[in-house]
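Peer 1: Provided herewith is a single structure, encoded as structure tokens, for subsequent inquiry.
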Amino acid sequence: MPIAAAVIGAVVAVIVLIIMFKMVWRVAEPNEALIISGLGAKSKPVNGIDSLGFKIVTGKGTSVLPGFQVARRLRLDSRAANLEVNCVTQQGIPVKVRGVVIYKVGDDLVSIANAARRFLEQQSSMDGAIHELFTGHLRSIIGNLTVEDLILNRERLTSETRSSAADEMSKLGLVVDSLQIQEIDDETGYITNIGRPHAAKVAAVARIAEAERDQEATRREQEAARENAAVIRDTQMKKAEYEGQVQQAAQQARQEVILKETRNAELEAERTEKRLESEVRKPADARAYEQVKLAEAEREERIAYAQAAATEVQLRAQREAEATRLLGDAQAEATRQRGLAEAEAIQARARALAENQEAVIAQQLAEKWPEIVAAGAGVFGNVDNMVVLNGADGVEDLLAKALTLGGTGLGLARTLLNGMGGATAKDGGNPANGQVPAAIESEN
């Protein structure tokens, strides 16, 4: 137990020591300075300066007794203050100058001490102090310069400003890292007018240079165009010459081909002519000679045959003419005899008709009766089926009607004969020469 208590006590003591060390010990960052004031916080004399009454620590640590001493931090990093100053130049021209000042607290103990006395609790007011300080110096310096000096020699302006503000900056414990004049404006347009002649000159030079460049470019383009045209012309001429040579060669080749074809055609024609001469013309001449001879022989044969045939025909014609004459004479005689016989028959019939007409008509009707009955039966030619009523009486009536039709034909025949008899009597009982009576003609 005593050992454990001793260990615990030792641990507690260590923890307490660590806590107390953390509470007492302060370390300055690289971009800051510790300003320690209070009991026993005095710095050693530096560069002939007596003790400051406070302690400055940079880049290391130091102990601060709580309750007896106070540690404050002063930042040493760079700061920037914007400047905007309205002032008048030596020429009485109002201008507005815009710039920027980059500054910081000096790294030496004197600068840190001066800055700590003035800005330790008001570090944010440094920018305002710097702005007021440099504004006054810029007005003073610009009032002794012309606008041309401001524009052409800004380095002089910045250097004079820094030089004139160096004492005040040293007293404040500050140093200037950079001073830049960013812009100089004037409301009267003086700066613009200053630049116009030069701008016009530069513009003129630029236009002249541009015109010269345009002329040079145009000249070179024209030269290039002429060269291109010459090249194109040469190319076209060479191409035309080549095409002409090609066409000439092609034409010569075609002419040679045509000459060869013509020569081949002539040779082929000669060969064909010789072949025809040997294969066709000579055999044809032989056949033609043969045909001529055969034709002459055939013609002579036909002539002889025709002469014989003509002689035979002449003789046959003479015989046939004689036979025809004899036949005609015989036929004429026969016709005459037949006419005489018919005339006699007609006269006899006429006499018979005059003496016994009814007997002649009856004879004629008897001869023509089948035809008359056939004519009467023709009425029933289109009847497929016929039904006879009243038995035998009906058949008798039907036959009576048919005979009636035959009687009608008989009356017609009688009328014709009467007419013919009257005509015969009127003519003296002799028919005209070469004519046959109708009754006799119908009889025949």
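The values are calculated or read from the model by the stated rules, or taken from the named source; none is laboratory data. Just so you know, these numbers come straight off a predicted model, no measurement behind them. Backbone-built Cβ (ideal geometry, glycine too); neighbour counts: all protein chains shown. Ligands, DNA and RNA are stripped out before the accessible areas are found, and what is left, the full protein with its side chains, is counted by its heavy atoms. Shrake-Rupley method; radii C 1.70, N 1.55, O 1.52, S 1.80 Å.
Peer 1: Take the stretch 262-317 and flag every residue that is among the polar types (S, T, N, Q) and more than 60 Å from the chain's Cα centre (by Cα).
Peer 2: Across the stretch 262-317, the qualifying residues are SER278, GLN291, GLN307, THR311, GLN314.
Peer 1: In addition: How many residues does the stretch 72-106 contain that are within 28 Å of TRP25 (Cβ to Cβ) and surrounded by fewer than 18 Cβ atoms within 10 Å (Cβ to Cβ)?
Peer 2: 4
Peer 1: While we're here: Within the set of pairs 6 or more residues apart or between chains, which connect a residue that is among the polar types (S, T, N, Q) inside the stretch 13-36 to a residue that is surrounded by fewer than 16 Cβ atoms within 10 Å (Cβ to Cβ) with Cβ atoms less than 7 Å apart?
Peer 2: Sorted first by the residue in the stretch 13-36, then by its partner, the pairs are ASN31/ASP77.
Peer 1: Considering the stretch 158-184 alone, what residues qualify as being surrounded by 13 or more Cβ atoms within 10 Å (Cβ to Cβ) and more than 26 Å from ARG75 (Cβ to Cβ)?
Peer 2: SER159, GLU160, SER164, ILE181, ILE184, listed by residue number.
Peer 1: Turning to a different aspect of this structure: Considering each residue of the stretch 94-114, count those that are farther than 21 Å from LYS55 by Cβ and part of a loop (DSSP other than H, G, I, E, B), and give that number.
Peer 2: 0
Peer 1: List the number of the failed condition for THR188; all other conditions in (1) under 24 Å from ILE112 (Cα atoms); (2) surrounded by fewer than 17 Cβ atoms within 10 Å (Cβ to Cβ) hold.
Peer 2: THR188 satisfies all of (1) under 24 Å from ILE112 (Cα atoms); (2) surrounded by fewer than 17 Cβ atoms within 10 Å (Cβ to Cβ) except (1).
Peer 1: Working only within the stretch 115-157, note down all residues that are within 30 Å of LYS55 (Cβ to Cβ) and either under 60 Å from the mean Cα position of the chain (by Cα) or among the acidic types (Asp, Glu) (or both).
Peer 2: Selection gives GLU121, ASP127.
Peer 1: Within the stretch 52-60, can one find any residue that is under 26 Å from ARG118 (Cβ atoms), open to solvent by less than 60 Å² (accessible area, probe 1.4 Å) and charged (D, E, K, R)?
Peer 2: no
Peer 1: Inside the stretch 117-151, can you point out the residues that are of a type outside the set (Phe, Trp, Tyr), part of a helix (DSSP H, G or I) and open to solvent by less than 10 Å² (accessible area, probe 1.4 Å)?
Peer 2: Hits for the stretch 117-151 are MET126, ILE130, THR135, LEU138, ILE142, VAL147, LEU150.
Peer 1: Would you be able to say whether some residue in the stretch 199-206 is out of contact with any Phe, Trp or Tyr (no Cβ under 7 Å at 6 or more places or on another chain), assigned by the TED database to the domain that holds GLN122, charged (D, E, K, R) and open to solvent by 100 Å² or more (accessible area, probe 1.4 Å)?
Peer 2: no
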